Amino acid sequence: PFRFCLRCRTSYEQARGSDFAKLAKLPAEGRSSAMSLVTASIVRTLKDFPKEELDNEARKFLAFVDNRQDASLQAGHFNDFVQVTQLRGALRRALENAPDGLTDEIVARRVTEELGLEMTDFARNPGAKYSQRDEAWRALREVTGYRLYLDLERGWRVTMPNLEQTGLLRIEYRDLLEVAADAEAWHGCHHLLRDDDPKHRQEVASALLDELRRNLAIDVEYLSEDGFDQVRRLSAQQLREPWSLP
């Protein structure tokens, strides 16, 4: 089994599983991935047509398959493709508008704003007013926050690496530099850490935290059992597919 990459310095602790997901490059694709990209390109082209050449009723794309199972697979793959792309695009725009970076407290709200959705796009009751309207927006923010954290994991999407893997997102840890330089904080630790250079100590700590985070070993409410139940209930009450949690 492929355990460690000397080039990207990524370790793989799972002995079982396919090595394809570890070694495949971006051009590796299956029928579903190819179909999603071709479909997205055609839809984008249809949207760019002037109104006098093609009216809105004619801007449709039909795909034909030979069985229901294939149709269901492709529809699910394309819905996932579109939603992941929307979420990552909104995160990238939010980062571009925040030169100093985004913290955990505000990232879900900023990304939700950048999604540019209307109530009719996501709400189970689009005509809701007052507190019900606020609840619908809160549900969308909570689901967005949950999905942002979930997307930090190095997942099964071989041809859709997350923003961190593509170099568009860098995650840093608050106060890590100060903690690494604080000699008193390292008393009682192994002598290699206690006597280490603060800069190298920061590198080691950062690598460990990165590994934990990419495996979602994070103390965050979205990923706790109670926190997830709350998000799921809000989602079921206020959101409709595809924005509600399955």
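The values are calculated or read from the model by the stated rules, or taken from the named source; none is laboratory data. The structure presented is a predicted model; accordingly, all values stated were derived computationally and were not measured. As a convention, Cβ positions derive from the backbone with ideal geometry for all residues, glycine included, and neighbour counts pool all protein chains shown. Ligands, DNA and RNA are stripped out before the accessible areas are found, and what is left, the full protein with its side chains, is counted by its heavy atoms. Shrake-Rupley method; radii C 1.70, N 1.55, O 1.52, S 1.80 Å.
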Next on the checklist: Among 237, 212, 224, which residue has its Cα furthest toward the positive end of the charge dipole of segment 207-246, with +1 on Lys/Arg Cβ and -1 on Asp/Glu Cβ?
Outcome noted: 237
Item to check | Rounded to the nearest 10 Å², the accessible area of residue 142 at probe 1.4 Å | outcome: 50
Checklist entry - What residues have an amide H closer than 5 Å to that of residue 239, excluding those fewer than 5 places away on the same chain, when H is modeled at 1.01 Å from N in the peptide plane? => result 124
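Restricting to Cα pairs below 8 Å that are 6+ residues apart, what does the relative contact order work out to for segment 160-246? Please round to a whole percent.
Once divided by the residue count of segment 160-246, the mean separation gives 15 percent.
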Item to check | Tail beyond 22 Å, pair distance distribution of segment 132-243 (Cα, percent) | outcome: 52
Checklist entry - How far apart, in nm, are two points set 7 Å out from the Cα along the Cα-to-Cβ line at residue 133 and at residue 120? => result 1.5
Item to check | For the chain, size of Cβ-based charge dipole, Lys and Arg +1, Asp and Glu -1, in debye | outcome: 880
Item to check | Candidate values (1) 22.0, 75; (2) 19.3, 64; (3) 18.1, 56, label of the one derived for Rg and Dmax of the Cα atoms in Å | outcome: (1)
Checklist outcome for this item: A correct Kirkwood calculation over the Cα atoms of segment 38-168 returns a hydrodynamic radius in Å of 17.4
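In deg cm²/dmol, rounded to 500, what helix-only [θ] at 222 nm does the chain give when every DSSP H run of at least 4 residues adds -39500 (n - 2.57) and the total is split over its residues?
On the way: 10 runs with 126 residues, N = 246.
Calculated at 222 nm, the ellipticity per residue is -16000 deg cm²/dmol.
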